[in-house]
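Trainee: Pasting a structure below so you can have a look.
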Amino acid sequence: MFGVVFPNRSFPMDISSFTQIDTFHWVLDMNTFVGESHHQIGDMCIFLLNNFTLPPDKALAVYVQSPGSPFVFCGAVTLQRPSAVLSLIWPEPGGQMQLTAPDAAPPSAKIGVSVEDLAALPSLDVAAEKKIERLALKVGENLFNFMQSFCGVDGSKLVVPMDILDRWFKKFQEKAKRDPEYLKGFAL
């Protein structure tokens, strides 16, 4: 059905490494894979196997869960996008820790995979959206700081020169041409 690889951490693993919860849900217990250092696993490649046919309106969704936290969506694969490298953004361990017997295994982080309606998913790659959001915020912050150095106050209003956007954009482009590393600082 599907396989996963943790880059620089594992050989390809098939569905047999996961515990099947029901027909459409699987879970990988990270304690059996990496112990308590699940947060060091930052990426996962998931792929559909050749003999698996997923309906066109369905997706194989990937979620992560830290001990005591709810599952958080990371991304998905579909027939049109049969493989993906997803960033695993682990939530902080939550307050829903459960009491366990002294000889029981400690609560563990998990990766969940489920078949879901494609239309119900927010995005196929959550990490890429977050990177774009961070980029937009950094560019906006750069513009704000530039404008702030030229503004004056008129009562309760800030006043800036009419050509401020042109001046900022020209300076932004010049810096990017001079220093190729400049734009990389915006895409953290």
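Every number in this text was worked out from the coordinates using simple rules, so none of it is lab data. The shown structure was predicted, so the numbers you read here are calculated from the model rather than taken from an experiment. A quick note on method: Cβ atoms are made from the backbone with ideal geometry, for glycine too, and the neighbour counts reach across all protein chains shown.
Trainee: Note the listed values (1) 43, 19, 13; (2) 43, 21, 16; (3) 45, 26, 21, then indicate which one is semi-axes √(5λ) of the Cα gyration tensor in Å calculated from this particular structure.
Mentor: (2)
Trainee: Could you tell me which of rounded, prolate or oblate describes segment 12-76, using a ≥ b ≥ c as the square roots of the eigenvalues of the alpha-carbon gyration tensor, with rounded for a/c under 1.5 and, failing that, prolate when a/b is larger than b/c and oblate otherwise?
Mentor: prolate
Trainee: If you don't mind, there's one more thing I want to ask. Using alpha-carbon pairs under 8 Å, 6+ residues apart, how would you state the relative contact order of the chain in percent?
Mentor: 19
Trainee: Obtain the nm distance between the two label points defined at LEU183 and LEU165 by a simple spin-label model: each point lies 7 Å from its Cα along the Cα-to-C-beta direction.
Mentor: 2.1
Trainee: Output the pairs from LYS131/LYS171; LYS131/LYS184; LYS138/LYS171; LYS110/LYS131 with a Cα-Cα distance over 21 Å in this structure; if there are none, say none.
Mentor: LYS131/LYS171; LYS110/LYS131
Trainee: What angle do you read, to the nearest 10 degrees and between 0 and 90, between the alpha-carbon axis of helix 126-148 and the longest principal axis of the chain?
Mentor: Its long axis makes an angle of about 20 degrees.
Trainee: Using per-residue counts of other Cβ atoms within 10 Å, averaged over each peptide, order 79-86, 168-175 from highest down.
Mentor: For the peptides 79-86, 168-175, the packing ranking is 79-86, 168-175.
Trainee: Helix 164-178 sits at what angle to the longest principal axis of the chain, using alpha carbons and giving 0 to 90 degrees rounded to 10?
Mentor: For 164-178 against the chain, the angle is about 60 degrees.
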